[in-house]
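Enquirer: Quick one: this structure, given as structure tokens, is what I'll be asking you about.
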């Protein structure tokens, strides 16, 4: 079983489910030709897709267009259902940075046929995560910066201010649809400038100065 690891600690949280938000940055929605949503767009990844910093992202043989998507990841610390924003905020106990790796060519074909994105999002090693910083040790700033470098070159860089739906709002909405439990992760969406990566590329993701993640594509 995969676990969310806590920075500078031996504490771990077994990961239940991974809920992901799509189109949470207006410019990213536009670059893919999608409408800006009035509610969070949700999909799931299995916990089996998780890898950690220092791990290897396996480029599936059935795709020719693997894209990086750097994201703020929330760690849920207690079971909640149908909560409002104040309680939703309390349910978040930690922050990390993650990579929602996406098979863009596969996704586009599925969308054309009106089919779910599952194959494009749930392959092994598609959910890379850093260690998590507990909220009790760090208060996330509204203008915290997300950044991704590929082979030392900045590909994505934006502030959390650009999010359409803020962390507590996301938790509130998800909890209205399904129960969230201790150890669940929420990938909160990616900024603009997603692009293709190739085998051999080195990916470096950062959330401000509090979380970082380094992986290689093989």
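The values are calculated or read from the model by the stated rules, or taken from the named source; none is laboratory data. Everything numeric here is computed off the predicted structure, so don't read it as measured data. Please note: Cβ atoms are built from the backbone with ideal geometry, for glycine as well, and neighbour counts cover all protein chains shown.
Enquirer: Can you list the strands (runs of 3 or more DSSP E) found entirely within region 1-84 that contain at least 3 residues being over 16 Å from residue 174 (Cβ atoms)?
Expert: Values: elements: 3-5, 12-14, 18-22, 41-45, 50-52, 70-76.
Of the strands (runs of 3 or more DSSP E) lying wholly inside region 1-84, those with at least 3 residues that are over 16 Å from residue 174 (Cβ atoms) span 3-5, 12-14, 50-52.
Enquirer: Residue by residue through region 133-147, note down the ones that are under 22 Å from residue 162 (Cβ atoms) and either within 13 Å of the chain's Cα centre (by Cα) or in contact (Cβ under 8 Å) with a residue 12 or more places away in the chain (or both). It would help to see each step written out before you state the result.
Expert: Going residue by residue through region 133-147, those that are under 22 Å from residue 162 (Cβ atoms) are 133, 135, 138-147.
Listed by number, the residues that qualify are 133, 135, 138, 140, 141, 142, 143, 144, 145, 146, 147.
Enquirer: For region 99-121, check the following and say yes or no: at least one residue is surrounded by 15 or more Cβ atoms within 10 Å (Cβ to Cβ) and within 15 Å of residue 211 (Cα to Cα).
Expert: yes
Enquirer: Continuing with the same structure: Exactly one of (1) surrounded by 17 or more Cβ atoms within 10 Å (Cβ to Cβ); (2) farther than 22 Å from residue 207 by Cα is unmet by residue 45. Its number?
Expert: Going through (1) surrounded by 17 or more Cβ atoms within 10 Å (Cβ to Cβ); (2) farther than 22 Å from residue 207 by Cα one by one, residue 45 breaks only (2).
Enquirer: Oh, and also: Could you give me the residue pairs with C-beta distances under 6 Å whose first residue belongs to region 148-163 and is on the phi > 0 side of the Ramachandran plot and loosely packed, with under 14 Cβ neighbours inside 10 Å, whose second residue is at pLDDT below 95 and part of a strand (DSSP E or B) wherever it lies, and which are 6+ apart or on separate chains?
Expert: Once the first residue is on the phi > 0 side of the Ramachandran plot and loosely packed, with under 14 Cβ neighbours inside 10 Å and sits in region 148-163, no partner that is at pLDDT below 95 and part of a strand (DSSP E or B) comes close enough.
Enquirer: Here's a follow-up. Identify, from the list 69, 87, 65, the residue that is within 13 Å of the chain's Cα centre (by Cα), at negative phi and surrounded by 15 or more Cβ atoms within 10 Å (Cβ to Cβ).
Expert: 69
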